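The values are calculated or read from the model by the stated rules, or taken from the named source; none is laboratory data. Model, not experiment: these values are computed from the prediction. FYI the Cβ positions are ideal-geometry reconstructions off the backbone, even for glycines, and counts take in every protein chain you see. Remember, those area values only see protein heavy atoms, side chains included, never the ligands or the DNA or RNA. Shrake-Rupley method; radii C 1.70, N 1.55, O 1.52, S 1.80 Å.
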Amino acid sequence: MLRLGLESESLHLWFQNGRMDVFEFVEKAHEIGFEGVEINVVPDYGLDQVWGALGSNDDKHLEKLKNLINKYNMYVEIDTRNLDYDHMVEVIKVASKLGAEVVRSYIPIKPLNKVEGAVSGSQGAYDFAKVRYDVDPNSFNEGIEKINRLIPVLKKYRVKLALENHEYETSEELVDVMKKVNSPWVGLHYDFGNSMMVWEEPLKAVENMAPYTLSTHFKDHIIIEEPNDKYGYVVCGVPVGEGNIDLEKSFEIIMDKSALTKINLEMCYPYCAQFKRTPGTGGVEKVGEGAFKVEKQLYDYNVMKPLEYYYPQEVSEELLEELLEKQMEGVKKSFAYLKNLRDKYYSK
């Protein structure tokens, strides 16, 4: 039976604002009904600046976490970013100690025009990958070199690397990487919504990526207006089932064309992302139809702008408290949707 996991990013407000640690996260995931967890080892506001939501790589900390995960017979996967050798070796070791079979990362896109001096989250102060930059064309070749250097480490610790379509990469670019790397220790991590940031229909992306997919982020998106953005619109995360991605068809494709035994929910709500590439890059020229249908903004523009959704504490404590509750309810709704989809698929 397909097992369902929860990515810690789905409750990022709880982690970043000191309302939850990794142990409480595992307890909450189990309480809701999830059968696994995916833990985000990415620094951000309010998190450990090396180990993110995991908190630490101390052996006693990891042993305590592994025991809790095993207590509930859950699986674990690790999320990190970039492919820097020393960092990845330490992450792979942590994955091995926790019993994780997969580490998700993504090819580091080198920006040609990174803006220095960002002071807010919406400007990329905590994670510059959340902001649009022109892509250095050497990024993929340099990424392949870094991946090849990591393969002996992956073999040693019996951990696989899954590369995500992380807002900058088209599915064709990632499939090309897979063909060039050509290793059983490296595959793809299919994010059900991130292809939209490169103007690519999710159904096209899943068709291309499914045969190589080792792990997932299951989510839903809408498009909303952002008058101050270069393209006038942004991609906005919503609870699963409340967006415009054809999730049933995407789910069916990923199940039929991959060997996945686990699906991880990463509900990116509240979060809005800029389109990271030029219109048409992934085949879609403009918003308006299908997954790219335009919907109403979640908040009055004068109250909170779309790129402020992810860090509402920078706007007001009242909005933070409101969105903490909405985020938790969104996870519960999303789990119910995903579980129903799994049950429907297996009963057909």
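The number of residues in the stretch 146-171 being open to solvent by less than 70 Å² (accessible area, probe 1.4 Å) and in a loop (DSSP other than H, G, I, E, B) comes to 7.
Can Asn82 be described as at pLDDT below 95, open to solvent by 50 Å² or more (accessible area, probe 1.4 Å) and not β-branched (Val, Ile, Thr)? So Asn82 fails the test. Taken over the stretch 85-123, the criterion of being open to solvent by 50 Å² or more (accessible area, probe 1.4 Å), modelled with pLDDT under 95 and not in a helix (DSSP H, G or I) is satisfied by Lys110, Leu112, Asn113, Lys114, Val115, Glu116, Gly117, Val119.
Total residues in the stretch 329-340 satisfying the condition of being in contact with a Leu (Cβ under 7 Å, 6 or more places away or on another chain) and not β-branched (Val, Ile, Thr): the figure is 4.
Is it fair to say Lys276 is of a type in the set (Lys, Arg), modelled with pLDDT under 95 and either in a loop (DSSP other than H, G, I, E, B) or in contact with a helix residue (DSSP H, G or I) (Cβ under 8 Å, 6 or more places away or on another chain) (or both)? Considered against the rule, which asks whether it is of a type in the set (Lys, Arg), modelled with pLDDT under 95 and either in a loop (DSSP other than H, G, I, E, B) or in contact with a helix residue (DSSP H, G or I) (Cβ under 8 Å, 6 or more places away or on another chain) (or both), Lys276 comes out as yes. Could you please find all residues in the stretch 172-206 being open to solvent by 10 Å² or more (accessible area, probe 1.4 Å), assigned to a helix (DSSP H, G or I) and under 25 Å from Gln274 (Cβ atoms)? Listed by number, the residues that qualify are Glu172, Glu173, Val175, Asp176, Leu203, Lys204.
Table: residues versus (1) assigned to a helix (DSSP H, G or I); (2) touching a residue at least 12 places away in the same chain (Cβ under 8 Å); (3) over 20 Å from Met328 (Cα atoms).
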| residue | (1), (2), (3) |
| --- | --- |
| Leu11 | yes, yes, no |
| His30 | yes, yes, no |
| Val50 | no, no, yes |
| Leu54 | no, yes, no |
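Does any residue of the stretch 336-346 turn out to be assigned to a helix (DSSP H, G or I), in contact with a strand residue (DSSP E or B) (Cβ under 7 Å, 6 or more places away or on another chain), surrounded by fewer than 21 Cβ atoms within 10 Å (Cβ to Cβ) and not β-branched (Val, Ile, Thr)? Yes, some residue in the stretch 336-346 is assigned to a helix (DSSP H, G or I), in contact with a strand residue (DSSP E or B) (Cβ under 7 Å, 6 or more places away or on another chain), surrounded by fewer than 21 Cβ atoms within 10 Å (Cβ to Cβ) and not β-branched (Val, Ile, Thr).
When Gln16 is tested against (1) at pLDDT below 95; (2) polar (S, T, N, Q); (3) farther than 23 Å from Tyr190 by Cα, exactly one condition is not met: (1). Pairs are defined by a Cβ separation below 8 Å, a sequence spacing of at least 6 or placement on different chains, a first member in the stretch 70-99 that is farther than 24 Å from Asp191 by Cβ and touching a residue at least 24 places away in the same chain (Cβ under 8 Å), and a second member that is in a helix (DSSP H, G or I) and open to solvent by less than 10 Å² (accessible area, probe 1.4 Å); the pairs so defined are Tyr72/Val26; Tyr85/Leu150; Val89/Leu150; Lys97/Leu62.
Evaluated against (1) among the aromatic types (Phe, Trp, Tyr); (2) under 18 Å from the mean Cα position of the chain (by Cα); (3) not in a helix (DSSP H, G or I), Tyr231 falls short on exactly one condition, (2).
With the requirement that a residue be without any contact (Cβ under 8 Å) to a residue 60 or more places away in the chain and open to solvent by 40 Å² or more (accessible area, probe 1.4 Å), what does the stretch 243-270 give you? Of everything in the stretch 243-270, those that are without any contact (Cβ under 8 Å) to a residue 60 or more places away in the chain and open to solvent by 40 Å² or more (accessible area, probe 1.4 Å) turn out to be Asn244, Asp246, Lys249, Asp256, Lys257, Ala259.
Give the residue, chosen from Met328, Met304, that is of a type outside the set (Phe, Trp, Tyr) and within 22 Å of the chain's Cα centre (by Cα).
Working: Met304 fails: within 22 Å of the chain's Cα centre (by Cα).
Just a single option satisfies the conditions, and that option is Met328.
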